[in-house]
Structures are given as structure tokens and as C-alpha cells.
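The structure appears below as C-alpha cells.
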There are 4 protein chains.
Amino acid sequence: MVEVGDPAPELDVEGWIGTPTPLGSLRGRVVLVEAFQMLCAGCLYRGLPQAQRVQRLFPDVAVLGLHTVFEHHEVTGRDALEVFVAELGLPFPVAIDRHDGGPVPVTMRTYGLRGTPSTLVIDRAGRLRGSHLGTLEDLELGSLLGALRAEESPGESAEPGPEEA
Amino acid sequence: MVEVGDPAPELDVEGWIGTPTPLGSLRGRVVLVEAFQMLCAGCLYRGLPQAQRVQRLFPDVAVLGLHTVFEHHEVTGRDALEVFVAELGLPFPVAIDRHDGGPVPVTMRTYGLRGTPSTLVIDRAGRLRGSHLGTLEDLELGSLLGALRAEESPGESAEPGPEEA
Amino acid sequence: MVEVGDPAPELDVEGWIGTPTPLGSLRGRVVLVEAFQMLCAGCLYRGLPQAQRVQRLFPDVAVLGLHTVFEHHEVTGRDALEVFVAELGLPFPVAIDRHDGGPVPVTMRTYGLRGTPSTLVIDRAGRLRGSHLGTLEDLELGSLLGALRAEESPGESAEPGPEEA
Amino acid sequence: MVEVGDPAPELDVEGWIGTPTPLGSLRGRVVLVEAFQMLCAGCLYRGLPQAQRVQRLFPDVAVLGLHTVFEHHEVTGRDALEVFVAELGLPFPVAIDRHDGGPVPVTMRTYGLRGTPSTLVIDRAGRLRGSHLGTLEDLELGSLLGALRAEESPGESAEPGPEEA
């Protein structure tokens, strides 16, 4: 299971609502992944609205939804999720976590998520830097994002490196 | 089409989540019917939470949900609605408006509802006294309910009538 | 001490910020009196904003502030209150409760108020119908106001009286 | 006038409510200074509650109030401010900006503040890093604080410096 500090494994998904956006395409950007289920009260009332605020306030941060269904699969399939995303006007791509027959879907298991909503934060170098069950207060999530936004991208350098010295 | 002031027609439904509660069984009580669709943002964020507040604060008022689906039927059927009601913990019975092949379901058409959420308020005598598209502010809905809660039930009398004088 | 149901005694005040508006001039209207102190957190954050919502939503209801200072008199005098009312943009007249040397001012004592904020509600006939310490939820206050707004004014009659029959 | 990036000048104050806490004593910590006036609606409803949230969530950040009175001096003196701080339960030291006869007090002028509320953010090395009129959203302020919280203190070093290489 991936730990905070490790490289963030690619999302293992069945498909996307919106533009497919693998983590590998986001290197150099801070990424917020909001793991949710469409019929989860905490996701509806806290997690998803917060992810939308992040997207609105920080255009440099890449926001993704991750639909990690571990209950009620029969009524929260792709067709229902498409309606949900459209009706709520979710402004970010939503990945659909892949099922392989286990009780929870694959990406959820890989990341060790214990429920929904969960928030994953990934740095510019593609490392997992935060994983929280439930919803942080905006100041707390902002602080975590701010620390990562202030970091250089891999390959960038704010100061002359040794080879240039 | 029923107008405010008219007797409120019975809800014409396919079924109920929770205890079936026809309007006819609620004579003598003020009734709030919250018409909603489970994948409607205004219902999720304003209408249904307000109906829950009414139920919590006014035990004498009968609160009912009415699932008036006029779009996305295929993903908001009874099985999906059951999960929705359970996950959100809706504490009142929910009627499922009946479809007869028209673009909107029967009760929605009878009451002339133009969208969701809509709030219907019915007095102790069974007359429709309020019908609002969107969500009133709590003070406004409280005022409407308060006026009806203060009315006598049919058959009650606070003062001696002429025949007793 | 006045009880709910009794005629509401006139406010006994030292002066007004805004138009002096004795209760006696409001017969025929429902009246909300918000008793507050300018440096009271519950008044700032709950009581006064609620009174402003009432004024905005119910133009037929007369809203008054009543500054009932029982502590910190030295820094909440008329000059400070004038600034407070202007800076917060309070849109209703504010009466200044009269001190006579007792621990609490006269009107506060007459009405038996135990602290701030307190909300008084008076009917069209000038009777005290509600007195609440703290802040009611908007639905609750709305219901109380709605019941009184639905009552006839004294002298009005919705149905022919006996002399006309 | 000090610019963002410059060393933050010491607060030039007449006194403190609570423990006197000059900026010079806070080197090594991130500092938030909330400039306010006690009878300013935006301060009461947005600025001061936000500063309290910062103090609650980030014990490593030093939070200070700065009472920068540029109007209504006569009713917002030290005695009134003491009551205000106690009644609202402000949990941080409050500096009282010094008047020298100009239209705005000295620290306010030095920092070029254009009104209240204003938020100043100072890094571990004592440099001004943010100065905002009005109130940032919590995510935005969190991000700014998070970037500064992630920086090393002067004298600390996360990596071997050249002399150790």
C-alpha cells in the first residue's frame, strides 16, 4: 500500500467522465484527487463542494474526481454517474475506479482509502503528500496545497545547481 | 390544474419509500410536501435539508417527500431512490410520483409544478395553501407554516358557535 | 412583570437612534423587538442579523432594536451606539433602554428579560405573544410571526359580525 | 512604505490588550497580523473570525490583532477595546496602533494599509510576504500560510550547506 511520501501510483480506472487525465500527464503540477461516491452525504455536502472551490481558486492545481464505489454499485454505474456529474456541474474530470471482484475497487485499495470522501494530494514530482479520510477545513487543505504549490517542479531550479556553480 | 385555495388532490403514486402516507390520512395536520428529484442540485443543497429542518422543529407538521422525476428516469428508479433515501438519512416518507407516459409524472402535472425543488403546503382541512418553485427562505416558509399551524382543525372550534349561544 | 399574553408595556427609553417609534404607534402591526447590547457576541452574530432578515422579508412587520445595557455602560453609551448602528447599517430604529440606578435598565426589568439577545414579539392588538432569550431558528421565529401576521387587526373583521347579520 | 518582500517593520503601538508580543520576538515563526477596527462590519463578520480559525488550526502560527483606528476614535479607545476583546473572546494579543495626529495611525501608515480588515503575513525570517485588504477565502489564506510554514527558519538548514559539502 502506498504511503505518504511514496510515488503516487497511476489511477487504475475503467473510464472517465470528461477528459481522461492520467496522473502521469500532470507531472509538474500539484494534483488534488477527491475520492467520492455519488450517493454519499459527506461527499455531496463537503468533499465535492470543497474540490470545486479548489478548482475555482487555484487554476494551477489539477483537480480530479475519483469515483470509488464500494457499495450500491447497481445504482451508481457509469450512466448514473454521468447524470450526477452533469446535474451538479462538476467542473473537473472524474475517473471511475476499476473493479476486479474485490470488495473495494482497485485504486481505492492501492491507496489504502478507508472510505469516502477521501482527499489525496500529490506534488509536482508525482509523490503522494497527503491522504485524508473525511474533509479537512479549508485553511488546512489550503496550507497543504500552499506548501506544495511553493515547491519547485522537478527539473526547475530556483538557484544555480552544482553543475552550474 | 389545482390552484392555491383548492382542495389538495391525493398524491397519485407508484409506491412509497417508508410508510405509505396518503394526504387523506393527514386531515387535521398541516402538511409539507417537498417535490424533488434525487439528482437535482437545488434539491440536494436547499430543498431537502430545509424539509428535514421542518420535520425536526415542528413535530406537529407532517413532512412528505415526493419524487417527481421528469428527466433521467433510467438512473433514478426505485432502487436508486431507496439508496438515496437511506444514505442521506431522509427522515420522512417519500412518495414516488406515477408515470403514465407523459413528459412529467401525474401528480406533478395535477399540481402544475414547473420544476424541482417545489414546496407544497396543505392546511388542516386539506386545502392547498402554498406552492413554490425553488426554495423559500426559512423565515418565509416558517411564516406560512405558522399561519396554518395557528388555524383550527375542521370540526374544532375555539369559541362557542351561534347554535350554542 | 409582564407575561406572554399580557398587553405589552410601552418601551421606557432614554432616547432613540433613528425615528422614535413607540409601541403605541404600531397598533395594527406585528412588532419584533430585538433586545441587544452592542458588545455581545450572540447579538452581533445571531440576533441582529436575524432581525435584519425579518425586516427585509416582512415589510409589514415593524422591527425595533432595544439597547438594554446591563454591563459595560461606560463604553456603550449613546455616542458609541450611534457609530455601531451606522457602521453595521442597522435598518431599523433603536431604542435606548432607560437606566434608573438599578442593575438592569427599566424596560428590560419590566419585560423580565434575563440577558441578550432576547426577542420580543407583539401582536396587532399590542399584546406580548413571544419572549425568547437567545436566538430562535429562522423557521421557529417565522412560524411565530406567521401566526400573528395571519391574525386580524383589532377592529377589522373578516366575516360579518352579529350586528350586521 | 514597506512592500511585500521587505523586512516587516516593528509594530509601533500605544499598548497591548493581552501579552505584549513585538514582531521581533517572533522570529522563526510565521506571523499573521489582523488589522481591524472594533466597529467595522467586515472585521466583525469575516476578518476576526478567520484570524481565530487560523489560531485554532495552526498553533505554530503566531496570530496578532492590530487595532488600527482611523475613524470614531472617541468611542473605540482602550477601555472600549478591552471590553470588545473580552466579550468576543479574542484569543490572541491585540496591539493598539499609535496615533501621532495624522489621519491614520502610525503602523497602518507604515504598512500602507488602505482600510480594515487587512491581513498581513510575515515569514519566519521577519519579511512581509502578504498584505491584503478585505478577507481572503480560507483556501487562499491557507495556501499563503502553508507556503511560509513549509519554509525553513533562518539558521535552520534542511540540506547540507556549502561549508559542509
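A Cβ-based charge dipole, computed about the Cα centre of chain D with Lys and Arg at +1 and Asp and Glu at -1, lands at about 320 debye. Here is how far apart the residue D:7 label points are across copies: 4.6, 7.5, 8.7 nm, shortest first, using a point 7 Å from Cα toward Cβ. Ranking A:76, A:154, A:65 by how far each Cα lies toward the positive end of the dipole of the range A:65-165 (charges on Cβ) leaves A:76 at the top. Label-point spacing at residue B:150 relative to the other copies reads 0.8, 5.8, 5.9 nm, in ascending order, each point sitting 7 Å out from Cα along Cα→Cβ.
Going from the isolated chain to the complete set of protein chains, the range A:78-106 loses at least 40 Å² of heavy-atom accessible area (1.4 Å probe) at A:83, A:87, A:88. With the helix formula -39500 (n - 2.57) applied to DSSP H stretches of n ≥ 4, the protein assembly as shown reaches a computed 222 nm mean residue ellipticity of -6500 deg cm²/dmol. Take every pair of alpha-carbon atoms less than 8 Å apart whose residues are at least six positions apart; their mean separation over the length of chain D yields a relative contact order of 33 percent. Couplings 3J(HN,Hα) of the range B:95-106, computed from phi: 8, 9, 4, 8, 9, 10, x, x, x, 10, x, 5 Hz, in residue order, whole Hz [Karplus 6.51 cos²θ - 1.76 cosθ + 1.60, θ = phi - 60°; x for Gly and Pro].
With a cut-off of 19 Å on the backbone N, the residues of the range B:128-153 near the modelled label site 7 Å out from residue B:1 along Cα-Cβ are B:128-135.
From the Cα gyration tensor of the protein assembly as shown, with a ≥ b ≥ c the square roots of its eigenvalues, which class applies: rounded if a/c is under 1.5, or else prolate if a/b is larger than b/c, or else oblate? Verdict is oblate for the protein assembly as shown. Between amide H atoms placed 1.01 Å from N, distances below 5 Å from residue A:11 occur with A:23, all of them 5 or more places distant or on a separate chain.
Net charge around residue A:3, counting only other residues with Cβ within less than 12 Å of its Cβ (Lys, Arg = +1; Asp, Glu = -1)? Computed value for this residue: +1. The simple spin-label model puts a point 7 Å past each Cα toward its Cβ; for residue A:12 and residue D:45 those points are separated by 5.1 nm. Sequence-distant contacts, meaning Cα pairs under 8 Å at least 6 residues apart, place the relative contact order of the range A:17-103 at 39 percent. Helix C:78-88 and the longest principal axis of the Cα set of chain C meet at an angle near 70°. For chain A, the longest principal axis of the C-alpha atoms and the axis of helix A:138-149 are separated by about 50°.
Toward the positive end of the charge dipole of chain A, with +1 on the Cβ of Lys and Arg and -1 on the Cβ of Asp and Glu, the farthest Cα among A:5, A:49, A:112 is that of A:49.
Taking all C-alpha pairs of chain D, those more than 27 Å from each other amount to 22 percent. For chain D, the longest principal axis of the C-alpha atoms and the axis of helix D:48-57 are separated by about 30°. Computing the accessible area with a 1.4 Å probe over protein heavy atoms, can you report the carbon and sulfur percentage for the protein assembly as shown? So the carbon and sulfur contribution to the accessible surface is 50 percent. Per-residue shielding of D:144-153, expressed as the average number of other chain Cβ atoms within 10 Å of the residue Cβ, stands at 5. Rounded to the nearest 20 debye, the dipole size of the protein assembly as shown about its Cα centre is 20 debye, using +1 on the Cβ of Lys and Arg and -1 on the Cβ of Asp and Glu.
The values are calculated or read from the model by the stated rules, or taken from the named source; none is laboratory data. Since we're looking at a predicted model, the values are computed, not measured. Every residue, glycine among them, receives a Cβ derived from its backbone with ideal geometry; neighbour counts consider all protein chains shown. What goes into the accessible areas is simple: the full protein's heavy atoms, side chains included, and nothing from ligands, DNA or RNA. Shrake-Rupley method; radii C 1.70, N 1.55, O 1.52, S 1.80 Å.
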